[in-house]
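Working notes, beginning with the structure itself.
The values are calculated or read from the model by the stated rules, or taken from the named source; none is laboratory data. Since we're looking at a predicted model, the values are computed, not measured. Positions of Cβ are generated from backbone atoms using ideal geometry, with glycine treated the same way; all protein chains shown enter the neighbour counts.
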Amino acid sequence: MRKVLFVFGQLTDQDVLALSRKGRRRRARSGSVLITEGVPVDTLYILLEGELDVVVGKPQRRLARLRAGEMVGEMSFIEVRPPSATVSAATDVVLYAIAKKDLQDLLDADPAFAARFYKAIATFLSDRLRQATAGGARAQRDAADELDDGVLDTVDRAGARFEELGRRLLDE
């Protein structure tokens, strides 16, 4: 759930409402591939229910198991390079999906929203890099449990915004 807290903690209620109007609910069965390593992706996803696996290489090596609140496709949104991993449904999943073009249109139309969105993504990616370079399993666990004070201040609102997005999409 950490990723959605970083992102939704920076956004306003109006930002989340705009996202909910542009995106759509998508269901995928266990085993469905959402993102393929090396193949350009045109959608950003937020996992609402279920679990996703992130794998790399051949033979495939699992890097992570993602749960509700995680985002995938954000790196391909930020830069033009194709995805560095494959993401597939480990279970049946419900996702929030927004086309990169639709998200870019929202960001282009509202520079303040764009600033908040990009700051949230940058903060999350910085945190991910710090965890990866922390060294040792204990240091990584400790770093994973720490949230920046600025993020902590917005956790309640971020959680409420995530739940509202889920409600809007699940009630469709």
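Observations on the structure shown:
- For the stretch 104-129, a tally of residues being of a type outside the set (Gly, Ala, Ser), in contact (Cβ under 8 Å) with a residue 60 or more places away in the chain and closer than 30 Å to Arg61 by Cβ returns 4.
- Candidates Asp142, Asp102 - the one that is surrounded by 12 or more Cβ atoms within 10 Å (Cβ to Cβ), assigned to a helix (DSSP H, G or I) and modelled with pLDDT of 95 or more: Asp102
- At least 3 residues being under 13 Å from Ala85 (Cα atoms) and of a type outside the set (A, V, I, L, M) is the threshold, and among the strands (runs of 3 or more DSSP E) wholly inside the stretch 1-74 those reaching it are 61-66.
- Only one of the listed residues (Ala120, Ala85, Ala109, Ala90) is at pLDDT 90 or above and within 26 Å of Asp15 (Cα to Cα). That residue is Ala109.
- Of note, Phe113 does not satisfy the criterion of being in contact with a strand residue (DSSP E or B) (Cβ under 9 Å, 6 or more places away or on another chain) and within 19 Å of Lys3 (Cβ to Cβ).
- Arg81 under 15 Å from the mean Cα position of the chain (by Cα) and either touching a residue at least 12 places away in the same chain (Cβ under 8 Å) or assigned to a loop (DSSP other than H, G, I, E, B) (or both): no
- Identity of the residue in the stretch 44-79, touching a Phe, Trp or Tyr at 6+ places or on another chain (Cβ under 9 Å) and more than 19 Å from Ser126 (Cβ to Cβ), that ends up surrounded by the fewest Cβ atoms within 10 Å (Cβ to Cβ): Ala68
- Tallying residues that are surrounded by 13 or more Cβ atoms within 10 Å (Cβ to Cβ) and more than 16 Å from the chain's Cα centre (by Cα) within the stretch 6-21 yields 3.
- Residues that are of a type in the set (A, V, I, L, M) and either within 26 Å of Arg27 (Cβ to Cβ) or surrounded by 17 or more Cβ atoms within 10 Å (Cβ to Cβ) (or both), drawn from the stretch 108-124: Ala120, Ile121
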